[in-house]
1. Look through the stretch 251-279, keep the residues that are of a type in the set (D, E, K, R) and in contact with a Lys or Arg (Cβ under 9 Å, 6 or more places away or on another chain), and return whichever of them is farthest from residue 294 (Cα to Cα).
2. Which pairs have Cβ atoms under 6 Å, sit 6 or more apart or on different chains, and link a residue in the stretch 83-109 that is surrounded by fewer than 20 Cβ atoms within 10 Å (Cβ to Cβ) to one that is modelled with pLDDT under 90 and among the charged types (D, E, K, R)?
3. Which condition does residue 329 not pass, out of (1) farther than 19 Å from residue 36 by Cα; (2) surrounded by fewer than 24 Cβ atoms within 10 Å (Cβ to Cβ); (3) in contact with a helix residue (DSSP H, G or I) (Cβ under 8 Å, 6 or more places away or on another chain), if it passes all the others?
4. Can you pull out the residues in the stretch 1-22 that are in contact (Cβ under 8 Å) with a residue 12 or more places away in the chain and outside any loop (DSSP other than H, G, I, E, B)?
5. Take residue 163 and tell me if it is buried (at least 18 other Cβ atoms within 10 Å of the Cβ) and in a helix (DSSP H, G or I).
6. Name the pairs whose Cβ atoms lie under 8 Å apart, with the first residue in the stretch 111-139 and of a type in the set (Lys, Arg), the second surrounded by fewer than 22 Cβ atoms within 10 Å (Cβ to Cβ), and 6 or more positions between them or separate chains?
7. For the stretch 46-102, how many residues are hydroxyl-bearing (Ser, Thr, Tyr), under 26 Å from residue 273 (Cβ atoms) and in contact with a Ser or Thr (Cβ under 9 Å, 6 or more places away or on another chain)?
8. Determine, yes or no, whether residue 271 is within 27 Å of residue 42 (Cα to Cα), in contact with a helix residue (DSSP H, G or I) (Cβ under 9 Å, 6 or more places away or on another chain), without any contact (Cβ under 8 Å) to a residue 40 or more places away in the chain and not small (Gly, Ala, Ser).
Amino acid sequence: MGAGLITMSSFVGENYFFSRQVIWIAVALFSFSVASIIDWRFLRRSGVVAVLYTISIILLLLLLIFGAVVKGAQSWFSLGLFAIQPVDLVKLILVITLAKYFSRRHIEIANYKHILVSGLYTLIVFLVVVTQPDFGSAIIVFLVWFGMVLVSGISFKHLALVLGGGVIAFALLWFFAFAPYQKERILTFLDPARDIRGSGYNALQSMVAVGAGGVTGKGVGYGTQSRLEFLPEYETDFIFAAFAEEWGFFGSLLLFMFFGIIIWRIFTIAVRGSTNFETLFGLGVAVLFMANFTVNVGMNIGLLPVTGVTLPFMSYGGSHLVTEFLALGILMGQRKYSRSTHADVTSQELLGPT
């Protein structure tokens, strides 16, 4: 978060993004503190998870009616002084939903129908998000499902079928769902030079910024690509490129190390979960963070298409930041009762009703 604040700060005069991000960080830390003292074992109940999932779908559908259009996507609720993006919270609810589903069927996960049913839960969210259209969030939704299917113990045969289905789904989306600008982003990814002044501009400037950082960087506040506004959206989608220009290769490695520590701690807490639900939830949170981090960094260095995915903890915005700390707060709340009754509770969850 500190790296994000330094990168988006102008160091002269009042900075809109910096000052508002400080407020969002305070809100996020408060959310983390409250969530960490709650006993989250009620999330094991199917009825609670069903209500959460239903609410998430309703929120996404309401966006199509009352949502504000920002940069071509109707994915925000405008509340006057600020706006919120419900899809960030929906991603966390999807993790909870899939963790609950797979935790009750962990022994028989090899049965292909459970992959299809979990895929149906995800598909509903995916289709509504694509309709907005929010292609970046839709990719994260798919990666969350795919990652949780993998950690749940899917066989390689079923994995091949899933990948095949993904290819077919992509083909269908290309011909019937993707907007022209989304297709152009993918085509520009394959050939960045095809439209340097148009859809390829952001990707080109981002790669220039990362390369300009060299080994040690230009120094804090001396990133010409971002400070002179050659690099668009450097406070949000392209904050990694702005950071890499000023901090260089070694600074980027340090940033990667910090993210690695976070993922390692999440895994550590997850494997000590008192039941399969806590373990799968923790692994799902790790998948969610890794998906956002990988897609954002990938598009910043030209390895993935530009999709408008934020970088966890660093990018400007309150919706994703509060959701990230809420997820960590839930993990810390679960950590208080980890392994206390692991054998008995796990047996009851797998063999009997909850």
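The values are calculated or read from the model by the stated rules, or taken from the named source; none is laboratory data. It should be emphasised that the depicted structure is a prediction, and the values quoted were computed from it without experimental measurement. Cβ sites come from the backbone with ideal geometry, for glycine too, and all protein chains shown count toward neighbours.
1. 272
2. none
3. Failed condition: (1).
4. Selection gives 3, 4, 5, 6, 7, 8, 17, 18, 20, 21, 22.
5. Against the criterion (buried (at least 18 other Cβ atoms within 10 Å of the Cβ) and in a helix (DSSP H, G or I)), residue 163 does not qualify.
6. Final answer for the pair search is none.
7. Of all residues in the stretch 46-102, those hydroxyl-bearing (Ser, Thr, Tyr) come to 46, 53-54, 56, 75, 78, 97, 101.
The next check asks that each one be under 26 Å from residue 273 (Cβ atoms); those that pass are 46, 53-54, 56, 97, 101.
Next cut, in contact with a Ser or Thr (Cβ under 9 Å, 6 or more places away or on another chain) only: 46, 53, 56, 97, 101.
Within the stretch 46-102, residues that are hydroxyl-bearing (Ser, Thr, Tyr), under 26 Å from residue 273 (Cβ atoms) and in contact with a Ser or Thr (Cβ under 9 Å, 6 or more places away or on another chain) number 5.
8. yes
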